[in-house]
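Some notes on the structure that comes next.
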Amino acid sequence: MFLKTIHHNYKPLITSLLLLLFTSFVQAQKRTAFDLLTPSEGATITLELDLTELINSKHTNQYFPGAITTPDGKMMKVEVRPRGKFRRRTCETPPLKLKFSKKDLRAAQLDTFNEVKMVIPCFNDPQGEELLLREYVAYRMYEQLSPYSVRARLVRVIFRDRHVEQDRAPVYCLMLEHKEQLEARLNGHITSLFEVPDDSLQTDQTALMIMFQYMIGNTDWSLADGRNLYMLLEKGSNRYRTIPYDFDFSGLVSAPYAVPNSETGIKKVQQRYMIAGHIPKEALQQACRLIESKRLDLLEWCNKPYMPKNIAKGMTTYLESFFQLLQEKSIEQLRPKGDLR
């Protein structure tokens, strides 16, 4: 009788818990606007807006009304604004933020993560597209190494400029997941931090990030001020994971406007400089072993069909020089004296 009473009293609670778990599972499985726009590598979308006026207003945060035709032919309203700092000042067409209506997303049975970032070729010529493809490879290589990464997907975009009623020729662009979606996917919270103590970092994952940045020749990041890093604290953890983004200043990309971190003393971005702070050499060595184990998978990203052969060869050679360094030198020899943070 006692057991029956307990079962009877807890039945509503058990039912509620099961319903909550089921709802959470369904929500976790929901597709997002990011997924809708990137069903496959190189999928084609059309973005219609007053692109001329947006470019003329690229130093503002003004939103412009637009419409996107997705790879499956559906049209959705979207608001578009310029974003970024350096590239907004430098590029002919700035990076964009796309903002969907949450109501429209719900109607399409999508999750309500309504912002997606788009990177457009910096220059309206073949070089601009090649630089973007190089940066895409960097994003995908890091995703190959760690789930604690920003998802980047390649799309072909036809820009329909309402200002002149003309379509631009299709170009490759990058879709990047917004940090709110990144937080939800990794079950954590991104915080702006300065001078993060070493004992507050997830050591192995930070070491992997450091060795990856060294591999691609990137010094445009910093643990001291969180530059070009998301500092993610997972629920239930007291250590931050460092998630890198923006690789256009790396030697692998070799953008014509890129310069190395002035504190490193190196003269060009193609030179490598390790910024390891106080991360133990054992953690860095373990990161090197992981990267070495993924060598062929990483190099494969340089040789995709969309990559011009001469660019693929140059990128492969640059990465091979990193693996050669690992064979010839120890971490102590690679790590400069007076290491930066």
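Tabulated data
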read-out	value
The stretch 287-316 residues that are small (Gly, Ala, Ser), paired with ones that are crowded, with 17+ Cβ neighbours inside 10 Å (beta carbon under 6 Å, 6 or more apart)	Ala287/Ala207; Ala287/Leu208; Ala287/Met211; Ala312/Cys302
The stretch 69-85, residues that are surrounded by 14 or more Cβ atoms within 10 Å (Cβ to Cβ) and either more than 22 Å from Ala255 (Cα to Cα) or not charged (D, E, K, R) (or both)	Thr69, Thr70, Pro71, Met76, Val78, Glu79, Val80, Arg81, Pro82, Gly84
Inter-residue pairs, beta-carbon under 8 Å, first without any contact (Cβ under 8 Å) to a residue 12 or more places away in the chain and more than 18 Å from Met307 (Cα to Cα) and in the stretch 135-147, second crowded, with 21+ Cβ neighbours inside 10 Å and of a type in the set (A, V, I, L, M), 6+ apart	Glu143/Ala152
Residue tally, condition in contact with a Lys or Arg (Cβ under 9 Å, 6 or more places away or on another chain) and at positive phi, over the stretch 140-169	0
Among (1) of a type outside the set (Lys, Arg); (2) under 20 Å from Glu292 (Cβ atoms); (3) out of contact with any Asp or Glu (no Cβ under 7 Å at 6 or more places or on another chain); (4) in a loop (DSSP other than H, G, I, E, B) - the single one Leu208 does not satisfy	(4)
Scope the stretch 115-137; condition part of a loop (DSSP other than H, G, I, E, B) and surrounded by fewer than 22 Cβ atoms within 10 Å (Cβ to Cβ); matching residues	Phe123, Asn124, Asp125
Search result, residues across the stretch 178-205 that are among the acidic types (Asp, Glu) and in a helix (DSSP H, G or I)	Glu180, Glu183, Asp198, Asp199, Asp204
Boolean, Ile291 is in a loop (DSSP other than H, G, I, E, B), of a type in the set (A, V, I, L, M) and either loosely packed, with under 15 Cβ neighbours inside 10 Å or in the same structural domain as Gly217 (by TED's automatic domain parsing) (or both)	no
Test result for Ala312, surrounded by 12 or more Cβ atoms within 10 Å (Cβ to Cβ) and within 27 Å of Glu130 (Cα to Cα)	yes
Selection within the stretch 235-256 - part of a loop (DSSP other than H, G, I, E, B), among the hydroxyl-bearing types (Ser, Thr, Tyr) and either within 18 Å of the chain's Cα centre (by Cα) or surrounded by 15 or more Cβ atoms within 10 Å (Cβ to Cβ) (or both)	Tyr245, Ser250, Ser254
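A quick yes/no check of all residues on (1) closer than 22 Å to Lys179 by Cα; (2) polar (S, T, N, Q):
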{"site": "Arg227", "(1), (2)": "yes, no"}
{"site": "Met231", "(1), (2)": "yes, no"}
{"site": "Glu234", "(1), (2)": "yes, no"}
{"site": "Arg239", "(1), (2)": "yes, no"}
{"site": "Val253", "(1), (2)": "no, no"}
{"site": "Pro260", "(1), (2)": "no, no"}
{"site": "Lys268", "(1), (2)": "no, no"}
{"site": "Gln271", "(1), (2)": "no, yes"}
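The values are calculated or read from the model by the stated rules, or taken from the named source; none is laboratory data. Predicted model only: the values in this text are computed from it and were never measured. As a convention, Cβ positions derive from the backbone with ideal geometry for all residues, glycine included, and neighbour counts pool all protein chains shown.
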